[in-house]
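Q: My questions all concern the structure below.
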Amino acid sequence: MKKLLISIAVLLLAGMGYFTYEKWVKHSDLTLWSFIPSDAALVIEAEITNDLTTFQGYPIWNIINQSTGFSNLKNGLSFLDSINGSGGFTTIFKDAPTLASLHKVSNNAVDFLFVVEIQNISQNTFANAAIGRLQKAGNRFKTRSYNDFKISEISNEGKTLTFIFYKNFFLASFTPYLVEDAIRVISDSELPSFKDKFTRLTNESGAKGLTRVYANYNQVGNVINSFANDQTGLPIVSGNYEMVLDSSFIQFSGFSYASDGWMSTHTTQPAAFDMAEVVPENTAYFYHITSSDISTWKDAQIEFIRKNSLTTKSFQDSLKSSYDFNADQVLDLVDNEIGIANLESQRTRDNQRLVILEVKDIQESLNFFQQLTERIAIARGDSVYSESYSDNEIRFLPIREFPSSFLGEMGKGFDQCFYISHRNYLIFSNDLQELKNLISSILNEDTWGKSIQMNDFLARANNAANVSLFVNVPRAWKNILNVLKPEWLEHFKKNNSTYKTIDLAAFQYSYLDGKYFTSYTFTQPQSSPKSIPKTNPQNGVRFVSPLTSKPYLLKTHAHRDFDILLQDSTNTIYYMDPNQNALWSETLDGSILGNVYPIDYYKNGKIQYAFATSSSIHLIDRTGTYIPGYPKSLPENAQIAFINVIDYDLSRNYRIALIDTDGNIFLADKDLKLLDGWSPKEISRAALQPLDHARLGRKDVMISIHENGVIHLLNRRGELNKGFPFDTKLSLHKNYFLRQSNSLGNSSLTVLSKGGELIEITLEGDLIKREQLLKSSADANFQLIPDTGSDSFIIVRKEGSSYEVLDDTGNLLFKKDYLSQWPILIQYYQFGAGKDLVVFTDTANKSLYIYDKSGNLITGNPLNSAHEISLIYSSARKEFQVFTTWGSNLELYNFKY
């Protein structure tokens, strides 16, 4: 018996020795990398089951789950686990080294090839037993030969996993030819593997992260082209990166290698990112270029354009010939930074861009461009355009696509070019109104430099990179959807809430010793659960008399929050601080008409408030003290219907615009002294809205629309502009939408009849379009609802009890039914980044419904309200605040969405 046991032991040891020789010695020249084809776009190096388990603990897993390839991996693992009982494969292979290579497998699809190294006997035993168990389980199983290799295929519920156990490796894919490609790589010595082709991709990026990613950017571009309509070429060739995760961000860092393309123009040390102070919050994506030695980059940039962009070279030559202008000299003005911002637009057909240059000497730079515009004006026999706006001089540079003359393709998109200076920055825009918005953003501190969210993100990203692309994913979402192929567009729309959990992204490259230190940073904040608002005694106030107004939220010089003003049925107004403590009250001679306007009457930074009742105009400060002489009345005690406060250029030289109940228009200074041509301007038909103002180029226009369907466009002297009055011959809804540009001809006014006829005209009185919106009944009623920032509008079609909400092109967004016979008040809020809300107030039932643009009731249940609401959004807290009035109650609701 003892000899028998010894004999058995010897045989077992011999068998193990032979197994070891066959698997780990005889084929020791084979590695995981031996199987990866050179056309892989990405190769992910990991310990497959360990790392996947780790991924599942982070928010990024929700996005990984949406990927077809990773979904196939998860399904495959579940399938393999089921072979040997729950967790069999995962447990045995948890430490197994793995490569997963991503490949483009069709014009619109990608998939993975997985290569797993079998390192021990238990893994080998599992592999050998797998086929038998699969056959016994009734799965459709077949084998075939390819280049003398035995390939197996298992089909289950419409999915076919192709795999091969070869030596001490397991290869698998849900795309059969990827396994065949791997076989060709090891059997054909003339066919290079991924590692053979990219020999520089070694471990250079320091401390090991969760996984390592290797990139073949020629193929990455092809993968992107699977999703996008436009062909994508990338300025780098290859790279390898370590991945680091925490609960709110993902970062890939390592090194990339460039070809002779544009990236190779960057061969100097980068400079810091300092221009955040002039990048507006509504930026969707932002290109940033820096160099500590801009002259070296300038020379390389000029050479690159001359060799690679004949169009730009021709453009430069034409500028030299026509205006004796050398476009290369623009780069001589630059200090260390250049920025190109693409802004989120709420308007369907607009694409606003900024180019920002950090300059060495702002006065020298202004003189440079002033001389250029003067030379152009002389050559064209034209004048130099400029206008003042809030202590800024806005100038027009009459060269179409001017930034492309020194930036090439990335500087395109400027059909017109306006510019301003701010500190040591020159800022160019293709949209005059957007440049004015930028001035306001800087004044109101609505910039990246003042954003808590952006500062936290920039602290994680690389502060000094030669080339950076920053993306605000929610704000860029429309841009992303616009470039997707139809089959992928539906996928991204369906899963938009998942993909948009990636909040911010940065792709950055810094030159270092012939290669580029690379950092890809993504923030994915932990999702806060949607909170359903609740009312409690801490966020509501009950008054003695019923409230009759909306809660007005007022800016003040005293703090950065909003004060509150409201009115009750006794015509008493109450002024409250943000904590809803009453500071004072005042009984008026009637109800407040329309809005309450903050003004700086004394130009000292302290705010007062202008508003009107039907019989008087009021101007009162935060302490409840009237400006001397107020309240005042119109001549002959005319009854007021509308009030507006106009500041032509943010100079605080206010004009008070009033329209009486007969439609006559009065325009006065801040002391209510009537101006020439406006004492009054007699229209003699009741108005639908307050007199409005727009500055378009150097022209100020006043807009008034009246109940007989006639549109009046007047200048500052009260004279009608050419092409007006414009008679629509329709009964119009009271609201309209003004699309502002740099001239009357490029600006437009959109009105909507109650019967659904949509009319758009230029401000020169020319008809752009006139179309009847669809309706299924003769009694259908239409409303045009501008958003509170006047950036866009929606249309509401009411037929019976049904309310259909349409976008600005007439496409249906959603439909709701309300049985109330009382008015339904509708408001539209656009906060950007997908935070668009449509508000319905059922005045009969005192119920408030807040919907997103898909028609989802985001508050869970109706809230309380009998009047229009006031709503604000805090991007720092990602929280909405809703102020409502109903009965004798003021209420505040907080919720996240």
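The values are calculated or read from the model by the stated rules, or taken from the named source; none is laboratory data. Here the structure is a predicted model, which means the values were calculated and not measured. Heads up, the Cβs are rebuilt from the backbone with ideal geometry, glycines too, and the neighbour counts pull from every protein chain shown. Keep in mind that these areas ignore ligands, DNA and RNA; they rest on the heavy atoms of the full protein, side chains included. Shrake-Rupley method; radii C 1.70, N 1.55, O 1.52, S 1.80 Å.
Q: Could you identify the single residue in Ser776, Ser743, Ser802 that is within 22 Å of Gly855 (Cβ to Cβ), of a type in the set (Ser, Thr, Tyr) and open to solvent by 20 Å² or more (accessible area, probe 1.4 Å)?
A: Ser776
Okay, residues lined up against (1) over 16 Å from Ser633 (Cα atoms); (2) part of a loop (DSSP other than H, G, I, E, B); (3) free of Cβ contacts under 8 Å to residues at least 40 places away in the same chain:
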| site | (1), (2), (3) |
| --- | --- |
| Ala657 | no, no, no |
| Phe666 | no, no, yes |
| Ala694 | yes, no, no |
| Leu713 | yes, no, no |
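Q: In the range 696-707, what residues are open to solvent by 10 Å² or more (accessible area, probe 1.4 Å), in contact with a strand residue (DSSP E or B) (Cβ under 9 Å, 6 or more places away or on another chain) and either assigned to a strand (DSSP E or B) or among the polar types (S, T, N, Q) (or both)?
A: Result: Asp700, single match.
Q: Additional query: What's the total number of residues in the range 234-254 that are assigned to a strand (DSSP E or B) and open to solvent by 20 Å² or more (accessible area, probe 1.4 Å)?
A: Count: 7.
Q: Here's a check for you: in the range 859-869, which residue that is open to solvent by 10 Å² or more (accessible area, probe 1.4 Å) and polar (S, T, N, Q) is modelled with the lowest pLDDT?
A: Selected residue: Asn861.
Q: While we're here: Just one of (1) open to solvent by less than 40 Å² (accessible area, probe 1.4 Å); (2) touching a residue at least 40 places away in the same chain (Cβ under 8 Å); (3) under 30 Å from Glu277 (Cα atoms); (4) not in a loop (DSSP other than H, G, I, E, B) trips up Trp488, so point out which.
A: Here Trp488 meets the rest and fails (3).
Q: For residues that are acidic (Asp, Glu) and assigned to a loop (DSSP other than H, G, I, E, B), scanning just the range 785-806, find the one that is nearest to Asn735 (Cα to Cα).
A: Once the filter is applied, the top-ranked residue is Asp787.
Q: Can I ask one more? Out of everything in the range 639-659 that is of a type in the set (Ser, Thr, Tyr) and more than 31 Å from the chain's Cα centre (by Cα), what residue ends up being farthest from Asn437 (Cα to Cα)?
A: Filtering the range 639-659 for residues that are of a type in the set (Ser, Thr, Tyr) and more than 31 Å from the chain's Cα centre (by Cα), the one farthest from Asn437 (Cα to Cα) comes out as Tyr654.
Q: Could I ask something else about it? For the range 640-655, give me each residue that is at pLDDT 95 or above, among the aliphatic types (A, V, I, L, M) and open to solvent by 10 Å² or more (accessible area, probe 1.4 Å).
A: Ala641, Val645
Q: Out of everything in the range 224-233 that is surrounded by fewer than 17 Cβ atoms within 10 Å (Cβ to Cβ) and not small (Gly, Ala, Ser), what residue ends up being farthest from Ser468 (Cα to Cα)?
A: Selected residue: Asn229.
Q: Quick one: in the range 550-575, which of the residues that are in contact with a strand residue (DSSP E or B) (Cβ under 7 Å, 6 or more places away or on another chain) and assigned to a loop (DSSP other than H, G, I, E, B) is least open to solvent (accessible area, probe 1.4 Å)?
A: Pro551
Q: Identify all residues within the range 380-408 that are among the polar types (S, T, N, Q), crowded, with 19+ Cβ neighbours inside 10 Å and in contact with a strand residue (DSSP E or B) (Cβ under 9 Å, 6 or more places away or on another chain); write none if there are none.
A: If the condition is that a residue be among the polar types (S, T, N, Q), crowded, with 19+ Cβ neighbours inside 10 Å and in contact with a strand residue (DSSP E or B) (Cβ under 9 Å, 6 or more places away or on another chain), then Asn392 is the only one that fits.
Q: Can I ask one more? Only one of Phe840, Phe895 is in contact (Cβ under 8 Å) with a residue 12 or more places away in the chain, within 28 Å of Ile759 (Cβ to Cβ) and either crowded, with 17+ Cβ neighbours inside 10 Å or of a type in the set (A, V, I, L, M) (or both). Can you tell me which?
A: Phe840
Q: Any idea which residue in the range 752-800 is modelled with the lowest pLDDT, counting only those that are hydroxyl-bearing (Ser, Thr, Tyr) and in contact with a Gly (Cβ under 9 Å, 6 or more places away or on another chain)?
A: Ser777
Q: Taking the criterion of being in a loop (DSSP other than H, G, I, E, B), acidic (Asp, Glu), over 27 Å from Asp700 (Cα atoms) and without any contact (Cβ under 8 Å) to a residue 40 or more places away in the chain, would at least one residue in the range 768-784 satisfy it?
A: So far as the range 768-784 goes, yes, one or more of its residues are in a loop (DSSP other than H, G, I, E, B), acidic (Asp, Glu), over 27 Å from Asp700 (Cα atoms) and without any contact (Cβ under 8 Å) to a residue 40 or more places away in the chain.
Q: Continuing with the same structure: Go through (1) in contact (Cβ under 8 Å) with a residue 12 or more places away in the chain; (2) surrounded by fewer than 19 Cβ atoms within 10 Å (Cβ to Cβ); (3) of a type outside the set (Lys, Arg) and name the single condition Tyr602 misses.
A: Result: Tyr602 fails condition (1) only.
Q: Of everything in the range 275-299 that's open to solvent by 10 Å² or more (accessible area, probe 1.4 Å) and among the hydroxyl-bearing types (Ser, Thr, Tyr), which residue is nearest to Gly832 (Cα to Cα)?
A: Ranking the candidates gives Tyr285 first.
Q: If a residue has to be open to solvent by 30 Å² or more (accessible area, probe 1.4 Å), without any contact (Cβ under 8 Å) to a residue 24 or more places away in the chain and part of a strand (DSSP E or B) to count, how many in the range 668-692 make the cut?
A: 1
Q: Applying the selection to the range 718-740, what residues are surrounded by fewer than 16 Cβ atoms within 10 Å (Cβ to Cβ), in contact (Cβ under 8 Å) with a residue 40 or more places away in the chain and not in a loop (DSSP other than H, G, I, E, B)?
A: The answer is Lys734, and nothing else.
Q: Of all residues being open to solvent by less than 30 Å² (accessible area, probe 1.4 Å) and assigned to a loop (DSSP other than H, G, I, E, B) in the range 156-197, which is nearest to Ser145 (Cα to Cα)? Just the residue, please.
A: Here the answer is Thr175.
Q: Out of the range 459-480, which residues are open to solvent by 30 Å² or more (accessible area, probe 1.4 Å) and either over 23 Å from Gly254 (Cβ atoms) or part of a helix (DSSP H, G or I) (or both)?
A: Ala459, Arg460, Arg475, Lys478, Asn479, Ile480 - these are the residues of the range 459-480 that are open to solvent by 30 Å² or more (accessible area, probe 1.4 Å) and either over 23 Å from Gly254 (Cβ atoms) or part of a helix (DSSP H, G or I) (or both).
Q: Give, as residue ranges, the helices (runs of 4 or more DSSP H) completely inside the range 275-340 that count at least 2 residues that are among the aromatic types (Phe, Trp, Tyr).
A: Of the helices (runs of 4 or more DSSP H) lying wholly inside the range 275-340, those with at least 2 residues that are among the aromatic types (Phe, Trp, Tyr) span 294-308, 310-323.
Q: Got a sec? Which of Gly832, Gly887 is surrounded by fewer than 16 Cβ atoms within 10 Å (Cβ to Cβ) and at positive phi?
A: Gly887
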